[in-house]
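*Asks:* First the structure, then my questions, so here it is.
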Amino acid sequence: MNREEFLKNGTLAVGATLLFGRFANGPESTLFKAEEIDEFVGAAHSSLEETKRIIETKPLILNCASQIAKGDFETAMGGASHMGRKDIADLLISNGARMDIFNFVFLGFTDFVKDLVVKYPHLLNSYGPHGYTLLHHAKVGEHQVFANWLQEKGLNKDIFNDIFEF
């Protein structure tokens, strides 16, 4: 076999493995069920030990999101943040959880978020899981100076109600 044939056959073999290997045991073996994701996201609202146990048994579930209502998506990191659970947020981050603007506010990266809001003022009215606002996350994160700044900018709600469809 010459080099060209080797590369061609190798490329085909890798491509087939990537394409078909994912489905070798059926699609359910590769996807988390909604109930598993809901359990994980729910645990991250209140139980460090349960969150840790689920990560240990299913590490790839870390960044999955539940859809509580139409358009209301929530990750474990989102749940930990709006519930004020820094211990759980730290666990999730140490395992590679992705973060968003609400998590940054909760954890105190307020200068970064302030720069974002100044550059993109529409972010002031962003809503996270269940409609919780940046103001809510500043309060549960105990960042009162930033909460005051948000209020000076015109954000006076902790939650935007009635934005999701059930």
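*Asks:* May I ask you to sort VAL113, VAL145, VAL140 by Cβ crowding, counting other Cβ atoms within 10 Å and putting the fewest first?
*Replies:* On the way: VAL113 24, VAL145 8, VAL140 19.
Neighbour counts put them in this order, fewest first: VAL145, VAL140, VAL113.
*Asks:* Now for a separate question. Net charge near ALA69, counting Lys/Arg +1 and Asp/Glu -1 over other residues with Cβ under 15 Å of its Cβ? Kindly include the intermediate steps, with their values, before the conclusion.
*Replies:* Values: positive: LYS70; negative: ASP38, ASP72, GLU74, ASP162, GLU165.
Counting the neighbours of ALA69, the net charge comes to -4.
*Asks:* Note down the relative contact order for the range 32-152 as a percent, whole number, built from C-alpha pairs under 8 angstrom at least six residues apart.
*Replies:* Details: 152 pairs, mean separation 27.1, N = 121.
Relative contact order here is 22 percent.
*Asks:* Right, next: Full-extension gain between SER47 and ASN95, please, as 0.36 nm times their residue separation minus the C-alpha to C-alpha distance. Before the final figure, lay out each step's value.
*Replies:* On the way: separation 48, 0.36 × 48 = 17.28 nm, distance 1.61 nm.
Result for the pair: 15.7 nm of gain on full extension.
*Asks:* Here is a follow-up. Multiplying the sequence separation of ASN63 and PHE112 by 0.36 nm and subtracting their Cα-Cα distance, what value in nm do you get? Mind dumping the intermediate values first?
*Replies:* Numbers: separation 49, 0.36 × 49 = 17.64 nm, distance 2.24 nm.
Fully extending the segment from ASN63 to PHE112 adds 15.4 nm.
*Asks:* Would the range 32-152 count as rounded, prolate or oblate if I go by the C-alpha gyration tensor, calling it rounded below 1.5 in a/c and otherwise prolate when a/b exceeds b/c, oblate otherwise? Show your work: numbers first, answer last.
*Replies:* Values: a/c = 2.28, a/b = 1.76, b/c = 1.30.
The shape class here is prolate.
*Asks:* Quick check: net charge around LYS114, other residues with Cβ under 15 Å of its Cβ, Lys/Arg +1 and Asp/Glu -1? If you can, show how the numbers build up before the last one.
*Replies:* On the way: positive: LYS119, LYS153; negative: ASP111, ASP115, GLU152.
Its environment carries a net charge of -1.
*Asks:* Pairs LYS33/LYS119; LYS58/LYS86; LYS58/LYS114: which are spaced more than 28 Å apart, C-alpha to C-alpha?
*Replies:* Numbers: LYS33/LYS119 39 Å; LYS58/LYS86 21 Å; LYS58/LYS114 35 Å.
Result: LYS33/LYS119; LYS58/LYS114 exceed 28 Å.
*Asks:* Just to verify a number: FRET efficiency for ASN161 and SER126, C-beta to C-beta distance, R0 = 22 Å, to 0.05?
*Replies:* 0.90
*Asks:* Would you work out which of PRO129, ALA65, VAL145 lies farthest towards the positive end of the dipole of the range 32-152? Charges go on Cβ: Lys and Arg +1, Asp and Glu -1.
*Replies:* Highest projection toward the positive end goes to VAL145.
Read-outs: derived from the displayed coordinates by stated rules, not from any lab. The model shown is predicted, which means the values in this text are computed figures rather than measured ones. Here Cβ is always computed from backbone atoms with ideal geometry, including for glycine, and neighbour counts include all displayed protein chains.
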